[in-house]
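**Student:** One structure is given below, represented as structure tokens, and several questions about it will come after.
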Amino acid sequence: MAKKENKFKGYDIATQAVHTGTDYDMATGAVRRPLYMANSYKLPDDLSQVNYSSTDLLMYARNGNPNQHWLEEKIAAMHEADDAIVLASGVAALHALFWTLLKSGDRVVYPNVSYMAVYRMFHELFNQKFGVETVIVDMTDLEAVKKAIVPGTRLVHIETPGNPTVGITDIEAIAAIAHQNGAILSVDNTFASPFNQKPLEFGADFVVESLTKFINGHGDAQGGAILSNDLETMDRIRYEAQVNVGSVISPFNAWQIFRGSATFPLRMQRINESSQKIAEWLAQRENVTFVAYPGLPDDPGHEVAKKQMKNGFGGVISFGVNADDKTVEHLCAALRIVTFAVSLGHDESLIFPQPSYDERINLYPEKFRRGFIRFSVGLEDAAELIEDLDQALHSVGL
């Protein structure tokens, strides 16, 4: 689909977030983009050239809708990418990318620490249903990566920071290894967000963002995006996954995320600052067994993170306590400000225990196998979040 020229190309991400994709409403002159809930649009009088699986023409909501297209302009600008596809969720975006790129007999290398849906897709679904060879490797270990990525590998997929251990992968180094072996590199950038990291700058071929998280930032809409400069493959993704598998985003969700994204850089700056303060406090806290956060100088990923995370180190801290699963649950439930719930990147802080019975736990470094907690920092006062963590730790005797 032909993309409009970005009038704000080259501007700071804060300016892009406010202005890209916006315009006056032609019908009313309103300065806000309207919400178009239509699922069908007027067809041209001559139907002989219409391709009903195309996204070039507004005809049916599954082929695309105006709110989706305006959001795509904004997300592409944030990543300085030539194209963006916005779909129904982050997992829909991941599936759309993998579905389009892979076929039976292909080889995929993916991280030992990855989002649950990625683990399910590669460990079970693509492997068992379609005969795709899937290989797990510690992406923070470049020597292990070199052994795993061999000629004939079709796709290398990474997350950095990784979910949930917040490990850091060197995008530029992995891109070089992948490309030397004829492989494509995709990067899940959700934990970093484009405010902190733009993987296309470091050689990634495709980037996936869960728009549900930091970019929307309000915990009220789901969406996912694929970013790339490979326009031919992006058109294939639209044809194969959006139109003919049906993973299109709803106009309402696209409208909500578009609205939320205007304040994204401002929110991310505050989240970065608060996360650094909280991580430093946790690192000094008695009975905290470890803190994983790339902003800490002694974090194993710190130097790589400084190279590729330009504005800050993100809003997710993983830490451990010397306690069993039930005690950790009681700790999370005792918090007064922080919300005990899944997800991340919301305006409110969220906390979630990673139980020792998780089937993936043995894939994680050993320190993450007991008392492991993932903390997503929100917009509350950092000192008050620290006080809340402190009282909750004391409440369970830690």
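**Student:** Tell me the residue from 11, 24, 36, 52 that is in a loop (DSSP other than H, G, I, E, B) and closer than 22 Å to residue 195 by Cβ, please.
**Tutor:** Residue meeting the stated conditions: 11.
**Student:** Going by the structure shown, is residue 105 assigned to a loop (DSSP other than H, G, I, E, B), surrounded by fewer than 23 Cβ atoms within 10 Å (Cβ to Cβ), at pLDDT below 95 and at positive phi?
**Tutor:** Judged against the criteria, residue 105 is not a match.
**Student:** So which residues in region 372-398 are under 17 Å from residue 293 (Cα atoms) and under 25 Å from the mean Cα position of the chain (by Cα), if there are any at all?
**Tutor:** Those that are under 17 Å from residue 293 (Cα atoms) and under 25 Å from the mean Cα position of the chain (by Cα): 372, 373, 374, 375, 376, 377, 378, 382, 385.
**Student:** Please find, within region 281-305, the residue that is surrounded by the most Cβ atoms within 10 Å (Cβ to Cβ) out of those that are aliphatic (A, V, I, L, M) and part of a strand (DSSP E or B).
**Tutor:** Among residues in region 281-305 that are aliphatic (A, V, I, L, M) and part of a strand (DSSP E or B), the one surrounded by the most Cβ atoms within 10 Å (Cβ to Cβ) is 292.
**Student:** OK, next. Please indicate, with yes or no, whether at least one residue in region 131-139 is small (Gly, Ala, Ser) and either buried (at least 22 other Cβ atoms within 10 Å of the Cβ) or in contact with a strand residue (DSSP E or B) (Cβ under 7 Å, 6 or more places away or on another chain) (or both).
**Tutor:** no
**Student:** Output the number of the condition that residue 253 fails; it satisfies all remaining conditions of (1) in a loop (DSSP other than H, G, I, E, B); (2) out of contact with any Leu (no Cβ under 6 Å at 6 or more places or on another chain).
**Tutor:** Only one criterion in (1) in a loop (DSSP other than H, G, I, E, B); (2) out of contact with any Leu (no Cβ under 6 Å at 6 or more places or on another chain) is unmet by residue 253, namely (1).
**Student:** Criterion first (in contact with a Lys or Arg (Cβ under 7 Å, 6 or more places away or on another chain) and farther than 30 Å from residue 262 by Cα) does residue 140 satisfy it?
**Tutor:** Answer is no for this residue.
**Student:** Next question, about the same structure. Does region 188-200 contain any residue that is crowded, with 24+ Cβ neighbours inside 10 Å, modelled with pLDDT of 95 or more, under 19 Å from residue 112 (Cα atoms) and of a type in the set (S, T, N, Q)?
**Tutor:** Among the residues of region 188-200, at least one is crowded, with 24+ Cβ neighbours inside 10 Å, modelled with pLDDT of 95 or more, under 19 Å from residue 112 (Cα atoms) and of a type in the set (S, T, N, Q), which makes the answer yes.
The values are calculated or read from the model by the stated rules, or taken from the named source; none is laboratory data. Small disclaimer: the values here were computed from a predicted structure and weren't measured. For neighbour counting, all protein chains shown are included, and Cβ atoms are generated from backbone atoms with ideal geometry for every residue, glycine included.
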